[in-house]
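Below you'll find the structure, written out as structure tokens, and then a few comments.
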Amino acid sequence: MMTADPARGFSLWPESASTGAPDIDRVYIALLGLTLFFALLIGALALGFGVKYRAGAQVIRDRIIHKTPLLEITWILGPFLIALAIFVWGAVVYMDATEPPAEARAIYVVGQQWMWKVQHPGGRREINELHVPSGEPIKLVMTSQDVIHSFFVPAFRNKRDVLPGQYTYLWFEATRPGTYHLFCAEYCGADHARMRGRVVVMTPADFQRWLAADPSAATSGESESASGEAMPPTIDSPAFVRFGCDDCHQASPTPAGPALHGLFGQRLPDPSHGSATVDESYLRQSILEPNAVIAAGYAAPSTMPSYANQIDEYQMIELIEFIKSLRDAPMREALP
């Protein structure tokens, strides 16, 4: 990919600004080099034999070729081992790129024709911008309000499809402050080319100052005409009461539903899969499809109603972040 960043000058290679980018670059360069090597080798042999055995050339053409087992084993086993090594190397890099560290900071991203909406857990909101600190792993929890989008930051070598109706995850750790391109890499409609933004990497101190600023302040030129709708309120617990969650999920001797204190991050029995980790996707599915996974000790079908088509993406973020906050607070004190 070419870049025309004035600060870097002309370059055929995108800048590298995340901890995972060098590993992905090494795999890419190795594949490119291997492909180039064999392309040149095969091309040279084809050209050489074409010249040597061209019509009219004085060469022996009826020589009997005897089988050489060692040669046959070499050209079968050699490519197999090369392909196996590439697979293992690529799998290791892929797993590292898709498994966020446990301590990663979660930030929510909602794709919508044709913009990126970002919500930080503390309530700070952005449109077409993502502010993050350098030197800290960031986990993006992403969904779409309409069609399939794809979150792509070339400098981080990160790209992940953003799907309606479910969460997908992407993580990175930026290595240095700066401003980097953000694109939608999946055709999503007439104004797909306009669905772009920027990732602003700041020093940890600068990021904390930015995060502590007034969360209602407009960022990235946010306005009613740009967003088409008001951004959600600062994350708190009102939605937990508004949807009646506190009626069934309070800690009590006979709760109607599972107590939520300390639930996030736990592995729970799952009749269909053996066990399941309570993460953002698990909570989302439990809210929208209560009968998809029944908590141990509770009979099916679930008495919890489905909130599909009743709760928007930002209320969902509010609920999930509130449930996550119950990890560190006693249940009776945390719930309103």
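The values are calculated or read from the model by the stated rules, or taken from the named source; none is laboratory data. Everything quoted here is computed from the prediction, not taken from an experiment. Positions of Cβ are generated from backbone atoms using ideal geometry, with glycine treated the same way; all protein chains shown enter the neighbour counts.
In the range 143-152, what residues are at pLDDT 90 or above and either closer than 11 Å to ILE107 by Cβ or not in a strand (DSSP E or B) (or both)? Listed by number, the residues that qualify are VAL147, ILE148. Listed by first and then second residue, the pairs with beta-carbon distance under 6 Å, at least 6 apart or on different chains, first residue in the range 186-203 and without any contact (Cβ under 8 Å) to a residue 60 or more places away in the chain, second hydrophobic (A, V, I, L, M, F, W, C) and assigned to a loop (DSSP other than H, G, I, E, B), are GLU186/ILE148. With respect to (1) in contact with a strand residue (DSSP E or B) (Cβ under 8 Å, 6 or more places away or on another chain); (2) in contact (Cβ under 8 Å) with a residue 60 or more places away in the chain, the lone exception for PRO164 is condition (2). Here the range 164-177 is the region considered, the condition is being surrounded by fewer than 17 Cβ atoms within 10 Å (Cβ to Cβ) and under 21 Å from LEU288 (Cβ atoms), and the residue that is modelled with the highest pLDDT is PRO164. Within the range 181-195, being surrounded by fewer than 20 Cβ atoms within 10 Å (Cβ to Cβ) and over 12 Å from GLN113 (Cα atoms) holds for HIS181, PHE183, ALA185.
Of all positions in the range 74-95, at least one carries a residue that is over 30 Å from ALA190 (Cα atoms), surrounded by fewer than 21 Cβ atoms within 10 Å (Cβ to Cβ), within 18 Å of the chain's Cα centre (by Cα) and of a type in the set (Ser, Thr, Tyr). The single condition from (1) in contact with a strand residue (DSSP E or B) (Cβ under 8 Å, 6 or more places away or on another chain); (2) closer than 30 Å to LEU32 by Cβ; (3) not in a helix (DSSP H, G or I) that TYR187 fails is (1).
Somewhere in the range 134-151, is a residue without any contact (Cβ under 8 Å) to a residue 24 or more places away in the chain and not assigned by TED's automatic domain parsing to the domain that holds TYR314? No, there is no match, as no residue in the range 134-151 is without any contact (Cβ under 8 Å) to a residue 24 or more places away in the chain and not assigned by TED's automatic domain parsing to the domain that holds TYR314. Among helices (runs of 4 or more DSSP H) entirely within the range 236-336, having at least 2 residues that are at pLDDT below 75 and of a type in the set (D, E, K, R) singles out 245-248, 331-334.
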